[in-house]
Amino acid sequence: MTEWLPLLVSFTTLLLVGVMSPGPAFFVTTHSALTFSRKEAFASVLGIATGNLIFASLSVLGFSALSQNSSLMNVIHIFGGCYLLYLAFKLSTAQPVQAHAVSDQGDQSCGFLSGCMVQLSNPKAFLFISSAVSFAVQKNHEPHFYFLVAMVTFLVSAGWYGFICSVVSLRFFREALRPKLHWFCRCSALVILYMAYRMFLQVFAS
């Protein structure tokens, strides 16, 4: 165990740095924490973590080589870009809400699927996770280490976005941020539109 523990720590640190980078999952987590109940917000967090778990599992099974297939990656980028456009549209049409209001719309399953779809439609997340996983498993070929890598990916993702969700859903932040939620959503939509633009640009520039 002591032989691969430093490698696992290095992988966890690298993964945490990548997960903490702002992206669609961050905006979705923040929006859910401010808009819906905590149960649905945490369901979206589990969906995001599950999406990363799927990426890590594919990489462990050797599917990271798919990232070398330009045609397949172009299809993934187009799909991801279209979903980001849809997400940007939903955020841009968000309406002002009261500070104490909590939306009861939707359910936990919808929150989970939404979070999972956001992450699975992000090819940048797949490329980062597959690179990190490939680095780790090339240094250690023990089967149980592969399982640990996949589980660490899930736990780090759930831990970070769960932390964001817990902080944002606190009463202080709800009361301070909810009246300004529609402005946050519009700014988030602009950022996500730029991400979609970069995805489409990468497809048509290749």
> What residue, of S37, S64, S57, is over 12 Å from C165 (Cβ atoms) and at pLDDT below 85?
Replying inline: S64
> Any idea how many residues of segment 137-189 are over 24 Å from K90 (Cα atoms), basic (K, R) and touching a helix residue (DSSP H, G or I) at 6+ places or on another chain (Cβ under 8 Å)?
Replying inline: 1
>> If a residue must be aliphatic (A, V, I, L, M) and farther than 27 Å from R178 by Cβ, how many such residues does segment 1-50 contain?
In response: 9
> From the list A136, A132, which residue is part of a helix (DSSP H, G or I), buried (at least 21 other Cβ atoms within 10 Å of the Cβ) and under 16 Å from the mean Cα position of the chain (by Cα)?
Replying inline: A132
>> Which residue is surrounded by the most Cβ atoms within 10 Å (Cβ to Cβ), if the candidates are limited to segment 173-206 and must be over 20 Å from L87 (Cβ atoms) and aliphatic (A, V, I, L, M)?
In response: A176
> So which pairs qualify, if the first residue must be in segment 33-60 and under 15 Å from V19 (Cβ atoms), the second must be at pLDDT 90 or above and open to solvent by 40 Å² or more (accessible area, probe 1.4 Å), the Cβ gap must be under 6 Å, and the two must be at least 6 apart or on different chains?
Replying inline: A49/F154; L53/F154
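The values are calculated or read from the model by the stated rules, or taken from the named source; none is laboratory data. Not measured: the values here are computed from a predicted model. Cβ atoms come from the backbone with ideal geometry, glycine included; neighbour counts cover every protein chain shown. Calculation scope for accessible area: heavy atoms of the full protein, side chains included, ligands and nucleic acids excluded. Shrake-Rupley method; radii C 1.70, N 1.55, O 1.52, S 1.80 Å.
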